[in-house]
Amino acid sequence: MSEDATDDRTPPDNRDDVRAALAEIRRETRKAAFVYASLDAACVVLAAYLAVGVTGVPLLDVELAPATFDSLPVPGPDVGALAAVLAGVSAFVAEYVVRTRRPVAEQFEDANPEVREALRTARDAADADRANPMAQALYADVLYRLRNASSLGLLDATRLGVTLVFALALSLAAVQTAVVGVDIGVSTAGSSGGVGDRAVQAESDENRSSVELRNGSEVLGEETNVSAGSENVTASVGSSPGGEGDESANYDRDTDGDGAGVEAERAGFASPERVEDADLVQRYARELDGNSTDD
Amino acid sequence: MTERNPSIDDVTNRIQAIRSEIRRRIVGQERVVDHVLACLLCDGNALLESTPGLGKTLLVRTLAEVTDLSFSRIQNTPDLMPSDVIGTEMVRETDAGRTFTFEKGPVFANLVLSDEINRATPKTQSALLEAMEEGQVTAGNETYDLPEPFFVLATQNPIDQEGTYPLPEAQSDRFLLKVVVDYPPEAAEREIVDRYTRDVDASVPVEKRVSTGELRQMQRLTHQVPIADDLRDLAVGVVRDTRTADDLEYGASPRASMSLVRAAKARALIEGRTHVSAADVTAMAPPVLRHRVVVDFRAEREGLTPDDVIQTLVEDR
């Protein structure tokens, strides 16, 4: 080795190749960030849509541009769906920005430890436009190692799988909610008089009474003598004795407070497929009617 | 193997050959050999500290033989004068009459072994250290350049031994590395005994592995080893931390930052890499910094050494 000999074996300038490789790595990193952000954003959209469906806030059910969608065979979007989509877009933008903010060389190093430090050093050397023999040797070294590197490591298969399963579960839950109509009764502050409101109010009162005892007279009012009610209803439940060979059915007549009777009646049913039984049903009905009049 | 510049591979092969050749004589001191070699590649000077009998002088002699450098030795004693080191003006009788001629001292060599430098007086130490820093000496009205490469390898006994003049901190800062030579492991010591007691002539021959010109080329390549910005920041950060560390009375200078980066580059080249890694910086921090910091009284009373404090600072980074 001599100093002159070194000049004779001047290596090719690999700076541009390193810059091109770094640009490629940046593209791959952006793709990975896009995949993660898209999946996570889909989860956010589904979760938000599910939450909108479960809470049942009336404001979120308002249909958007109904006149436009009336002529179309598809239902128009409502405010809740729009809110879910906006939440998903926000999540996508936020995650993509955060993921691409970290230096790409470091992300790539995490996925490919064999190029750790060499790639970072080559990046800094290329940025500083160094072209001395050691820098050229480093560039060649890094380019060689990058041939064996892969951007697949930028994607965590387990993490992506879990996200997909989660998204699938959320979508199933959203469909279930849309079909069954689960409503946890949460409403906006401005609404009043709904079922949810009353239930919440009753629960609140019950909780309050269980906590503090109130004066009974205050709750029930002044004590008064009551001779008779304004409405007298008589209810009776009859039963016919079983056995002893009497197979005929016996139904009690029901009477209201005014003494007006309601005749017991048994409904007849004839299956349309068995029209020939209609006469039999009518005969049974007449017999039953005859039994009731005997009482 | 990667497709590397052939000249770079030549350099790494030469370095491995030098290592192997030195290890034929020096047993059980691989780390010391690597540090001294790093010093040589950085065109720096090294301070070796150990108790006598650990092969410091043999190491330097072997290094001179393997690298084909001119070698001289200065045995420091309390009565050694600066002129004994750098040379002196002599009056000579010639045909033209009496003339003053400069008689060069032992400092005029590529590789100077200054044995037991802490036994010399501070005045003599300063003369040598000035030569190290300037690469030239002045005698009378004349300035003389020292040969290139110029490499001083000074040895010193631990300063708690009697009859020593510890190097001032400002002077010791001029050594790139302070290498502590420890006792070899038991197996290595057995090997030393076997190797040097078999024959009456126990010298182990070594071959020249690199010429002076090649060594200069290797030094140039060492300076060109690329280092990433964050690793440079790591080196600077460790050095700056020595200035604020609770256990240190005062820390290292910016010269230490430069030395740490240079030493890390040399280690990378010795290891056959084309770039500096974080391990290079952390591995070279103790030898670069241990003679540049002073442990304060409280920490010293608790038994802390500069190496302990530096190691803590490196681990905290």
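We did not get these values from a lab; they are worked out from the coordinates using the rules stated. Nothing here was measured: the structure is a model prediction, and the numbers come from that model. Cβ atoms come from the backbone with ideal geometry, glycine included; neighbour counts cover every protein chain shown.
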**Prompt:** Could you name the lysines in cross-link range of B:Lys265, using Cα to Cα under 23 Å and dropping any fewer than eight places away on the same chain?
**Reply:** B:Lys178
**Farthest positive-ward along chain B dipole, Cα basis, beta-carbon charges - from B:Phe71, B:Ala245, B:Gln125** = B:Phe71
**Item:** Residues with amide H under 5 Å from that of B:Ser114, placed H, sequence gap 5 or more
**Value:** B:Ile74, B:Leu153, B:Ala154, B:Thr155
**Check: chain B dipole with +1 on Lys, Arg Cβ and -1 on Asp, Glu Cβ, in debye** = 620
**Average beta-carbon neighbours from other chains, 10 Å sphere, peptide A:116-126** = 6
**Prompt:** R0 = 45 Å: FRET efficiency of B:Ser83 with B:Asp316, Cβ-based, nearest 0.05?
**Reply:** 0.40
**Message:** Please arrange A:Leu170, B:Leu128, A:Leu152, B:Leu248 by how many other C-beta atoms lie within 10 Å of their C-beta, fewest to most.
**Reply:** A:Leu152, A:Leu170, B:Leu248, B:Leu128
**Request:** Enumerate the amide H contacts of B:Val294 below 5 Å, restricted to partners 5 or more residues apart or on another chain; note that Pro and chain-start residues carry no placed amide H.
**Result:** B:Glu249, B:Tyr250
**Message:** If you average 1/r across every pair of different Cα atoms in the stretch A:7-180 and take the reciprocal, what Kirkwood value do you get, in Å?
**Reply:** 19.6
**Prompt:** Under the definition of Cα pairs under 8 Å and six or more residues apart, what whole-number percent is the relative contact order of the stretch A:7-180?
**Reply:** 37
**Item:** Calculated from backbone phi, Karplus (6.51, -1.76, 1.60) coupling profile of the stretch B:165-176 in Hz, x at Gly/Pro
**Value:** 10, x, 5, x, 4, 5, 7, 5, 4, 7, 7, 5
**Request:** Of the DSSP beta bridges with both residues in chain B, give the percent that are antiparallel, rounding to the nearest 5.
**Result:** 45
**Prompt:** Hey, got the average number of other protein chain Cβ atoms within 10 angstrom for residues in B:269-280?
**Reply:** 4
**Request:** For an R0 of 60 angstrom, estimate the FRET efficiency from the Cβ-Cβ distance between B:Arg195 and A:Arg26 and round to the nearest 0.05.
**Result:** 0.60
**Two-decimal log10 I(q)/I(0) for chain B, as the Debye equation yields it once each C-alpha is a single scatterer, q = 0.09, 0.12, 0.14 Å⁻¹** = -0.49, -0.87, -1.16
**Request:** Give the calculated FRET efficiency between B:Thr51 and B:Glu103 to the nearest 0.05, with a Förster radius of 45 Å applied to their Cβ-Cβ distance.
**Result:** 0.80
**Complete:** Expected integer from the mean partner chain Cβ neighbour count at 10 Å over B:212-219 is 2
**Item:** Virtual spin-label span in nm between A:Arg101 and B:Ser20, 7 Å along Cα→Cβ
**Value:** 5.3
